[in-house]
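Nothing in this text is a laboratory measurement; each read-out follows from the coordinates by a stated rule. From a predicted model like this one, the values you see are computed outputs, not experimental measurements. Please note: Cβ atoms are built from the backbone with ideal geometry, for glycine as well, and neighbour counts cover all protein chains shown.
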Amino acid sequence: MPMDNPFRALDWIDGAVELIDQTKLPAELVMLRVDTVGAMVEAIKRLSVRGAPGLGVAGAFGVAIAVRADGPSGPALDASLDALRNARPTAVNLARMVDRCGALCAEGFDRVLAEALKIRDEEIVASISMGRRGADLVESLASTPVRVMTVCNTGTLATVERGTAFAVIHELHERGRLAEALPVETRPLLQGSRLTAWELQRIGAKFRLLVDAAGPFLLSRGHADVVLAGADRIAANGDTANKIGTFSLALAAAHANVPFIIVAPESTVDMATASGDEIEIEDRGPAEVASFGGVRTAPEDIDALNPAFDVTPASLITAIVTDRRVVRLDRGESLA
């Protein structure tokens, strides 16, 4: 059943960070209380908190925790900030927000916490703006009600409230312009089926879940009017790193002449990274590929390639929607 009350994936509550443990969804809605840097780093690495904007907020709160524990300067603080900054390499928001708050450590805990709360509030406002700008763009590109394909999870669980690409779906649903959402399951950790389906059910939107391999084929057969994806890092030339499987959908969308739209906050645009070739892609090892939920799904003692992200070249992207602007790459516009 849809739930009307807004909720947050993470927040600062009574001196600590409280966040939804996304590894437990959809079976259980479990809240973690994080009050040490070590616990925050572990929560980030095991994907209890995830999504580029969500990681940025978590990292900012982590700096506040570090200053409270380690003091405003010194080797212990430096080690804590490095651990937070490097917990996951691909999403630019994590390092960026750790550095933003880290620059204020000398001013003390209260100042750092105030900045972290400001970052949280900025991401909430950004999600609302992205939803509206993205929905306006979708309505200009496709007849409505519209069928939207998407990958991974880009909702509240990837941000603080509403989301990035999911915020557009949410806005279209609220406008009565969404025919259905078509999330792909997103192997190997099934963020699409575990998390996006849970969020779509929560807002009462019509949707049908797809296996990953069905997405490109169904695009070729005209089953979707637009593809919406988030981003973990957008390079200066528009190349975009996002969850593995995004590139496949972009190729299929180009083949089918379906608009392919990236939705991410300005904080995910990294003008210091010239192109997608410079983006470090995290490999999470063979365990996630060879098993799921503690159950072995492949023979023992195998190796695997497990890139968590891929890079979609700018040439396959119709537009990039941020909280501040819409950049039509298909019309030769640039992020500069």
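Annotations
- Counting only residues that are within 18 Å of the chain's Cα centre (by Cα) and either β-branched (Val, Ile, Thr) or farther than 18 Å from Ala39 by Cβ (or both), region 71-96 holds 7 of them.
- The number of residues in region 174-217 that are part of a helix (DSSP H, G or I) and surrounded by fewer than 23 Cβ atoms within 10 Å (Cβ to Cβ) comes to 12.
- Spans of helices (runs of 4 or more DSSP H) in region 13-90 with at least 2 residues charged (D, E, K, R) and under 21 Å from Ala103 (Cα atoms): 52-70, 75-85
- Among all positions in region 223-234, there is at least one residue which is more than 15 Å from Val326 (Cα to Cα), buried (at least 22 other Cβ atoms within 10 Å of the Cβ) and under 13 Å from the mean Cα position of the chain (by Cα).
- All positions within region 142-159 that are within 18 Å of Trp198 (Cβ to Cβ) and small (Gly, Ala, Ser): Gly155, Ala158
- Residues considered: Gly222, Gly245, Gly230. Of these, the only one that is of a type outside the set (S, T, N, Q) and free of Cβ contacts under 8 Å to residues at least 40 places away in the same chain is Gly222.
Yes/no per residue for (1) without any contact (Cβ under 8 Å) to a residue 24 or more places away in the chain; (2) hydrophobic (A, V, I, L, M, F, W, C):
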residue	(1), (2)
Val30	yes, yes
Ala52	no, yes
Gly56	no, no
Ala60	no, yes
Cys101	no, yes
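- Selection of region 266-325 for residues being touching a Pro at 6+ places or on another chain (Cβ under 8 Å), of a type in the set (S, T, N, Q) and within 14 Å of Asn242 (Cβ to Cβ) yields only Thr268.
- Filter pass, Ala76 being surrounded by fewer than 24 Cβ atoms within 10 Å (Cβ to Cβ) and within 28 Å of Met271 (Cβ to Cβ): no
- Hits in region 227-262 (condition: closer than 18 Å to Ser334 by Cβ and β-branched (Val, Ile, Thr)): Ile234, Thr240, Ile261, Ile262
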